[in-house]
1. I need the shape label for the range 6-122. Rule: rounded when a/c is under 1.5, else prolate if a/b > b/c, else oblate, with a, b, c from the alpha carbon gyration tensor.
2. Relative contact order, percent, of the chain when contacts are C-alpha pairs under 8 Å separated by at least 6 residues?
3. May I ask you to evaluate 6.51 cos²θ - 1.76 cosθ + 1.60, the Karplus curve with θ = phi - 60°, for each residue of the range 39-50 and list the ³J(HN,Hα) values in order in whole Hz, giving x for glycine and proline?
4. Go through 39-46, 167-174 and give me the packing order, highest mean Cβ count within 10 Å leading.
5. With 20 Å as the limit, write out which pairs from Lys4/Lys121; Lys4/Lys105; Lys4/Lys167; Lys60/Lys167; Lys167/Lys207; Lys6/Lys173 have Cα-Cα distances beyond it, or answer none.
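None of the figures in this text is laboratory data; all of them are computed from the coordinates on show. Worth saying up front: this structure is predicted, and the values here are computed from it rather than measured. When we count neighbours, we look across all protein chains shown, and the Cβ atoms used for this are built from the backbone with ideal geometry, even at glycine.
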Amino acid sequence: MIPKAKILLVEDDPNLSMVLVDYLELLGYETTLAADGELGLRAFSEGSFHLCILDVMLPKKDGFSLAADIRTHNERIPIIFLTARGKNDDRITGFRAGCDDYITKPFSSEELALRIEAILKRCMMLDMRPKPEVFMLGNCRFDASNLLLHCNGTEQQLTAKEAALLKLLCRHKNNLLTREQALTEIWGDADYFIGRSMDVFIARLRKYLRHEPAVSIQNVHGTGFRLEVKEDA
């Protein structure tokens, strides 16, 4: 068993999810549970994981779509599909969506444990510390892994949502980030009132970056935001 690995489990069956969380934690894995696809994507965006275990038949966003979204953020993280759908076409769809393994229900707990361990070893994750994710924004250094923004000799500790929003903006640097995408990926809902809350977070990020002339967060009227970074500044 690879100790202290962080696992994201996305499973909507409350009984099975409770059993799996207890079992994985008994094995020594730190486990985060999400009950639907949108919450799973939100948890992945805000956390740091070594392995994802995804049910296929999920509310709001199915496991295949969730895996594809996860792959846009991290191409290397291992993904296991856990599903009652055992048809060959479903397996092919799963592997095309980027999974590393496909386990059909019902399954034995020992089988799951061995497959998790084999995948983590195969991915050479013996050092279980997630690789730091760092973005340079002009003269500012954003350490997304530790939620820290360093600008002009000052250090700003960000909240999880501030860091998640800034990281999403960084991934779309000098390109449009739509309001809907940001709300769905970070808050799990594009509701109007949640959108007003996001505007508060954008204002905070602007305040943290206000002394860096090479960086600005621009409103794209009625559409979203663009993090503009002058590379030669």
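1. In terms of gyration-tensor shape, rounded.
2. Result for the chain is 15 percent.
3. 5, x, 5, 4, 5, 5, 5, 8, x, 9, 10, 9
4. Going by the mean number of other Cβ atoms within 10 Å, highest first, we get 39-46, 167-174.
5. As for pairs spanning more than 20 Å Cα to Cα, those are Lys4/Lys105; Lys4/Lys167; Lys60/Lys167; Lys6/Lys173.
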